[in-house]
Every structure is written in C-alpha cells, then in structure tokens.
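Visitor: So that we are looking at the same thing, I have put the structure below in structure tokens.
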Amino acid sequence: MSRADELYRQTCLDILENGFSDEDLQVRPHWEDGTPAHTIKKFGVVNRYNLQEEFPLMTLRRTYWKSALDELLWIWQKKSNRIAELGSHVWDEWAGPDGTIGKAYGYQLGVKHQYKEGMFDQVDRVIFDLKNNPASRRIMTNIYTFQDLHEMNLYPCAYSMTFNVSGNTLNGILNQRSQDMLTANNWNVVQYSMLLMMMAQVAGLQAGELVHVIADCHIYDRHIPAVKAMLEREGYPAPKVTLDPAVTDFYAFTKDSFRVEDYQFHPFDYPIPLAI
C-alpha cells in the first residue's frame with residue numbers, strides 16, 4: 001500500500017469514527033435535488049508527503065492525474081479563470097454567464113503587484129525568489145483576496161502555498177480551508193506535489209516534502225458508502241512519477257512533461273454526486 005493510501009485511510013477512518021456531524025445545522029451546500037448536503041468532519045488535519053520517498057498518487061481508486069495537472073496549469077501557468085481554456089469540466093457548475101469563474105483562482109495569481117525589485121504577479125515572484133533569494137521565509141502565494149470575494153463564483157478552497165528551501169531541497173505547505181475527501185483530496189495532493197516538482201526543477205532544486213493543512217476536512221453524507229468501500233481495499237505500491245529534466249522554464253511544462261509508470265489502481269464503480 002502506498003503512503004498516500006495509508007494517509008487517506010487514516011484520515012477517513014478518523015472522520016468516520018471521531019468526526020463532527022453538521023446534520024442539525026443549516027448548511028450552504030446542497031445536492032442537485034435541493035436536499036442539504038451535510039458532512040461529517042474533522043478540524044485541523046495535517047498530512048505530510050515526502051516526494052523523495054514516493055509520489056503520492058493513491059491506488060485505492062484511480063486519480064486522473066492528467067486532468068488534475070491540466071487544472072493546475074490552468075490556474076498557475078495560464079492564470080486563467082475562463083473555463084473554455086480548461087480541458088476538463090470540473091468547473092462547469094461555477095461558470096458565470098461570461099464563461100468565467102469570476103475573480104478567482106488563476107485570476108488572482110495573475111494580478112501584478114509592486115515589489116522593491118519591480119512588478120510581479122504571484123507566480124513570477126515565487127520563481128524570482130527561488131532563484132535569487134532562496135533563504136527567504138516570504139516565498140508564498142495567497143489567492144484568498146477579501147476585496148474580491150464578492151466577485152468570485154466560488155471562494156478558493158486551496159488558497160495558499162508556502163515554499164521553503166533547505167539546502168538543495170524545496171518543501172511546501174498547502175493551506176486549504178475546506179476539503180471534500182472523496183472527490184478532491186488526492187486530486188489536490190497530486191496537483192501540488194507536481195507543482196512542487198516543477199518549481200524545484202525551475203530553481204535547480206530537489207522536491208522534498210509537501211505538507212497539506214486542511215481546516216475543515218469532511219466526507220459528505222451521500223459519499224459515505226463509497227468511502228467505506230474504498231477503505232476495505234488493500235492498496236498497491238506507489239507508481240513511479242518523473243518529470244522531463246530538459247524543461248527548466250515553468251511556462252514550458254505541459255501535461256506530457258510528467259511520466260507515470262506502473263500505476264495500479266482499484267476500479268471504482270460508485271456514482272459521485274456533486275455538492276454545489
């Protein structure tokens with residue numbers, strides 16, 4: 001069983017056995033039929049993934065890593081909020097009449113800010129500091145921009161990434177205010193592990209540890225049977241994930257820059273209703 005599978009199992013079991021249910025509270029999310037989408041949750045979950053030991057691609061069910069990477073590149077590389085520029089349909093529910101998700105995610109990363117060294121957007125500032133000031137304790141992004149929240153179709157879930165260099169190793173902390181364990185947990189872990197690998201390669205470093213901090217870590221009520229079925233499985237060893245060493249420009253990475261070998265996963269036949 002991979003380390004990603006182990007952490008997923010531990011987190012889900014803790015939620016199911018010790019979590020808090022919001023079934024008696026009024027909640028914003030709802031199912032397509034209008035029924036409130038309640039959850040059972042744990043507060044303040046922290047999981048650590050050492051990319052030098054293995055890549056955290058879970059095997060208890062398949063994670064569509066190319067679609068996850070496509071979304072990450074849409075946000076971090078294209079800095080886009082327009083769903084027509086995204087290869088998958090994961091954002092369709094939150095698209096407005098103008099075809100965008102409002103001033104959210106990629107839009108925020110693309111806004112330029114004034115620094116002592118000049119004008120940078122958040123992504124380019126990270127790259128600049130990793131190359132020129134790796135000892136800095138200020139290498140981070142944050143897309144939870146309060147003055148723009150009213151113009152976002154969905155408030156950012158994964159909202160902050162902090163990078164920290166130790167020797168020749170790049171580590172990162174992903175902060176997330178809310179996490180749907182069935183639909184999004186490994187999806188986000190894979191995305192930001194790949195981001196850490198790309199940023200490390202651009203800066204001539206080795207990718208180290210991704211620390212995933214989740215404030216509200218939950219399982220939706222209609223997802224519980226599927227999660228329990230997954231937890232009964234025995235996972236496979238982690239696959240091997242490598243990055244094309246020839247690419248050193250962050251904006252030159254594509255979905256084909258990553259190679260995933262020996263990825264075994266269990267079939268997953270459960271429908272996954274989407275809480276909106």
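Visitor: At 20 °C and 1.002 mPa s, grab the translational diffusion coefficient of segment 149-276 from Stokes-Einstein with a Kirkwood Rh over Cα pairs, rounded to a whole number in µm² per second. Don't jump to the answer; show the numbers that get you there.
Guide: Working: Rh = 16.9 Å.
Here the translational diffusion coefficient equals 127 µm²/s.
Visitor: Is there a quick way to get the dipole size of the chain? I mean about its Cα centre, with the Cβ of Lys and Arg at +1 and of Asp and Glu at -1; what is the value in debye to the nearest 20? Present the calculation step by step, with values, prior to reporting the outcome.
Guide: Details: 26 positive and 35 negative charges, 160 e Å.
Once rounded to the nearest 20, the dipole reads 760 debye.
Visitor: Per residue, how much accessible area does segment 121-276 show when a 1.4 Å probe rolls over the protein heavy atoms, in square angstrom? Each step should come with its number before you reach the end.
Guide: Working: 7000 Å² over 156 residues.
Averaged over the residues of segment 121-276, the accessible area is 45 Å².
Visitor: Under unit Cβ charges (Lys, Arg +1; Asp, Glu -1), what dipole magnitude, rounded to 20 debye, does segment 1-73 have relative to its Cα centre? Display every interim value, and only then the final one.
Guide: On the way: 9 positive and 13 negative charges, 50 e Å.
For this selection, approximately 240 debye.
Visitor: Identify the residues of segment 172-215 with backbone N under 19 Å of a label point that sits 7 angstrom from the Cα of Thr35 along the Cα-to-Cβ direction, or state none.
Guide: Residues passing the 19 Å test: 181-183.
Visitor: Could you sort Ile214, Ile224 by accessible area so the largest value comes first, with the probe set to 1.4 Å?
Guide: Ile224, Ile214
Visitor: Continuing with the same structure: Ranked highest first by the average count of other Cβ atoms within 10 Å around their residues, in what order do 145-153, 160-168 fall? All intermediate terms of the calculation are to be shown ahead of the outcome.
Guide: On the way: 145-153: 12.7, 160-168: 17.1.
Listed from highest to lowest mean packing, they are 160-168, 145-153.
Visitor: Let me ask something else. Heavy atoms only, probe 1.4 angstrom, no DNA, RNA or ligands counted: give me Asp92, Asp124 ranked by accessible area, highest first.
Guide: Working: Asp92 70, Asp124 45 Å².
So the residues, ranked largest to smallest area, are Asp92, Asp124.
Visitor: Still on this structure, I have one more. Give the distance, in whole Å, between the Cα centre of segment 124-173 and the Cα centre of segment 30-78.
Guide: So the two Cα centres are separated by 18 Å.
Visitor: Heavy atoms only, 1.4 Å probe, whole protein assembly: order Glu23, Glu85, Glu71 by accessible area, highest first.
Guide: Values: Glu23 120, Glu85 85, Glu71 20 Å².
So, going from the largest accessible area down, we get Glu23, Glu85, Glu71.
Visitor: Efficiency by 1/(1 + (r/R0)^6): what FRET value for Gln114 and Lys228, r their Cβ-Cβ distance, R0 = 41 Å, to the nearest 0.05? Don't skip to the end; give the middle numbers.
Guide: Working: r = 51 Å, r/R0 = 1.25.
Efficiency at R0 = 41 Å is approximately 0.20.
Visitor: Related question: Taking the Cα-to-Cβ direction at Leu274 and at Ala246 and moving 7 Å from each Cα, how far apart do the two end points lie in nm?
Guide: Here the answer is 3.7 nm between the modelled labels.
Visitor: To the nearest 20 debye, what is the magnitude of the charge dipole of segment 55-164 about its Cα centre, counting +1 on the Cβ of each Lys and Arg and -1 on the Cβ of each Asp and Glu?
Guide: Details: 13 positive and 12 negative charges, 94 e Å.
I would put it at about 440 debye.
Visitor: What distance in nm separates the two pseudo spin-label positions at Glu53 and Val260, each 7 Å out from Cα along the beta-carbon direction?
Guide: Label at Glu53, label at Val260, 2.1 nm between them.
Visitor: At 1.4 Å probe size, with the rest of the protein present, what percent of the exposed accessible area of segment 95-204 is carbon and sulfur atoms?
Guide: Values: 2360 of 4680 Å².
Answer for segment 95-204: carbon and sulfur cover 50 percent of the accessible area.
Visitor: Want the number for His150 to Asn132: 0.36 nm per residue separation, take away the alpha-carbon distance, what's left?
Guide: Numbers: separation 18, 0.36 × 18 = 6.48 nm, distance 3.58 nm.
So the chain would gain 2.9 nm between His150 and Asn132.
Visitor: With the cut-off at 19 Å, report for segment 16-100 the share of all Cα pairs above it, as a whole percent.
Guide: That tail contains 65 percent of the Cα-Cα pairs.
The values are calculated or read from the model by the stated rules, or taken from the named source; none is laboratory data. Everything numeric here is computed off the predicted structure, so don't read it as measured data. Heads up, the Cβs are rebuilt from the backbone with ideal geometry, glycines too, and the neighbour counts pull from every protein chain shown. Only protein heavy atoms, including side chains, enter the accessible area calculation; ligands, DNA and RNA are left aside. Shrake-Rupley method; radii C 1.70, N 1.55, O 1.52, S 1.80 Å.
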